Amino acid sequence: MINHLCVIGVGLIGGSLSLALKKAGYVKQVTGLGRSIENLEKAKQLGVIDDYETDYAKVIPKADMIFVSVPIGAMSEVFRKIEPHLNKHSIITDGGSAKHTIIESATKILGVKVNQFVPGHPIAGTENSGAEAAFDSLYQKRRVILTPLESNSTDDVAKVSEMWNIAGAKVDEMGARHHDLVLAGTSHLPHVLAFALVDCLNNVDDVDEIFKYAAGGFRDFTRIASSDPVMWRDICVNNSEAILAMMQSYQQDLDNLKEAIHNSDSEELLKIFTNAKKARDNFCM
Ligand code: NAD
């Protein structure tokens, strides 16, 4: 049970966690902490949070769980504001989509208090953002990856894990570098490709004609290109190494495909498409 949850950045990810925990009766009070009074007021009216503050000194000392769900580029600033007010019994956790650089910045800024920071990443989301996009079932049957630090206490990791279980998610643990590589392939690369495809088509001469005839396949493949550009800029900047490695490998596959199409190599084309279909059918059963 959480007495006082503080959500810093009440958008899709933080707001949905708050709603799920409130619905389960697992939290007594949720305070939203942020910069935009307009968004916080909207979040309160929608029942996403109970109250809100913009002054860290008034909330951080009282919160037993602090969930940081701001874009990755704003995490350092948030850690800097938390640090002077952090109660030694509080736990900080986050929802950032790339873990290694967040841990680096938390370690630098929180110093010895970094042992109270249990890094995490819910593998759930939509292309919508802001408090009004939050909903209580976002984490149902989804996975959350925790990338605990050596200095974390097992008790703190267990509390964060329990919180996510109550929100409906299954929790896995792995190293931060491994997380970043896995997510570069399964999430970051697909988003980069969707953004690139839409941008590419948008720059051709007959753009209106192209989008006019966009059908199911195009919509399925490019839905994620409607995601928040700031969030995705931050993810690319903060997981560049792993994303570049995945892009390189993808580029190689694209080159093979290009050659097969150029050579009208039916056998090779069928082999690539059949392998891909089999792999997708297997993991999306
Ligand atoms: P969002 O835009 O819906 O919410 C972010 C909130 O943070 C907004 O309310 C914004 O006003 C606030 N904010 C921005 N800068 C701030 C600052 N300096 N101080 C306080 N508040 C600030 O974004 P989201 O989709 O909820 O993403 C939040 C985090 O979760 C990101 O780090 C993202 O990488 C991660 N994440 C997103 C998804 C997804 O699909 N959207 C999935 C998993 C993880």
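Starting from the 7 Å offset along Cα-to-Cβ, what nm value, one decimal, do you get for the label separation of Gln140 and Met174?
Going from the Gln140 label point to the Met174 one covers 2.6 nm.
By how many degrees, 0 to 90 and rounded to 10, does the Cα axis of helix 229-238 deviate from the longest principal axis of the chain?
90 degrees
Determine how many Å³ per residue the convex hull of the Cα atoms of region 178-283 encloses. Walk me through the intermediate numbers first.
On the way: hull volume 14.5 nm³, N = 106.
Output value, Cα hull per residue: 137 Å³.
Using the Cα centre of region 187-285 as origin and beta-carbon charges of +1 (Lys, Arg) and -1 (Asp, Glu), tell me which of Ala215, His262, Phe283 is placed farthest towards the positive end of the dipole.
Towards the positive end, the residue furthest out is Phe283.
Tell me the angle of helix 100-110 to the major Cα principal axis of the chain, expressed in degrees between 0 and 90 and rounded to the nearest ten.
Computed tilt is about 20 degrees.
Give the residue from Gly168, Ile109, Gln29 lying farthest towards the positive end of the charge dipole for the chain; charges sit on Cβ (+1 for Lys and Arg, -1 for Asp and Glu) and the dipole is referred to the Cα centre.
The residue sitting farthest along the positive end of the dipole is Gln29.
Once the convex hull of the alpha carbons of region 93-195 is built, what does its volume come to per residue, in cubic angstrom?
Working: hull volume 11.6 nm³, N = 103.
Enclosed volume per residue, from the Cα hull, is 113 Å³.
Compute, for the chain, the length of the dipole vector about the Cα centre, with Cβ point charges of +1 (Lys, Arg) and -1 (Asp, Glu) only. Units Debye, rounded to 20.
Values: 29 positive and 37 negative charges, 216 e Å.
Using Cβ point charges on Lys, Arg, Asp and Glu, the chain gives about 1040 debye.
Could I have the simple spin-label model distance between Leu46 and Asp155, label points 7 Å from Cα toward Cβ, reported in nm to one decimal?
3.6 nm
Treat every Asp and Glu Cβ in region 86-224 as -1 and every Lys and Arg Cβ as +1, leave all other atoms uncharged, and give the resulting dipole magnitude about the Cα centre to the nearest 20 debye. Working shown, then result.
Numbers: 13 positive and 18 negative charges, 112 e Å.
Using only the charged Cβ atoms, the result is roughly 540 debye.
How tilted is helix 12-23 with respect to the longest principal axis of the chain? Cα atoms for both, answer in degrees (0 to 90, nearest 10).
It works out to around 50 degrees.
At 1.4 Å probe size, with the rest of the protein present, what percent of the exposed accessible area of the chain is carbon and sulfur atoms?
That share works out to 53 percent.
If you place +1 on the Cβ of every Lys and Arg, -1 on the Cβ of every Asp and Glu, and leave all else neutral, what size is the dipole of region 1-104 about its Cα centre, to the nearest 20 Debye? If you can, show how the numbers build up before the last one.
On the way: 12 positive and 11 negative charges, 43 e Å.
Result for region 1-104 is approximately 200 debye, rounded to the nearest 20.
Given a 1.4 angstrom probe, what's the average accessible area per residue across the chain, in square angstrom?
Values: 15430 Å² over 285 residues.
Per-residue value: 54 Å².
What is the Cα radius of gyration of region 1-108 over 2.2 N^0.38 Å, N being its residue count? It would help to have the intermediate numbers written out before the result.
Working: Rg = 12.8 Å, N = 108, 2.2 N^0.38 = 13.0 Å.
Here the answer is 0.99, to two decimals.
Within 13 Å, Cβ to Cβ, of Glu268, how many net charges do the neighbouring residues add up to if Lys/Arg are +1 and Asp/Glu are -1?
Numbers: positive: Lys258, Lys271; negative: Asp253, Asp255, Glu259, Asp265, Glu267.
Every neighbour counted, the sum reads -3.
Between Asn165 and Asp205, what is the label-to-label distance in nm when each label sits 7 Å out along the Cα-to-Cβ direction?
6.2 nm
Please name whichever of His191, Asn202, Leu244 sits farthest to the positive end of the charge dipole of region 187-261, dipole taken about the Cα centre and charges placed at Cβ: Lys and Arg +1, Asp and Glu -1.
His191
Scale the Cα Rg of the chain by the rule-of-thumb value 2.2 N^0.38 Å and send over the ratio, two decimals. Working shown, then result.
Details: Rg = 21.0 Å, N = 285, 2.2 N^0.38 = 18.8 Å.
The reported ratio for this selection is 1.11.
The values are calculated or read from the model by the stated rules, or taken from the named source; none is laboratory data. None of these values were measured; they are calculated from a predicted model. In this analysis, Cβ positions are derived from the backbone assuming ideal geometry, glycine residues included, and neighbour counts consider all displayed protein chains. Quick note on the areas: whole protein, heavy atoms, side chains included, nothing else; ligands and nucleic acids left out. Shrake-Rupley method; radii C 1.70, N 1.55, O 1.52, S 1.80 Å.
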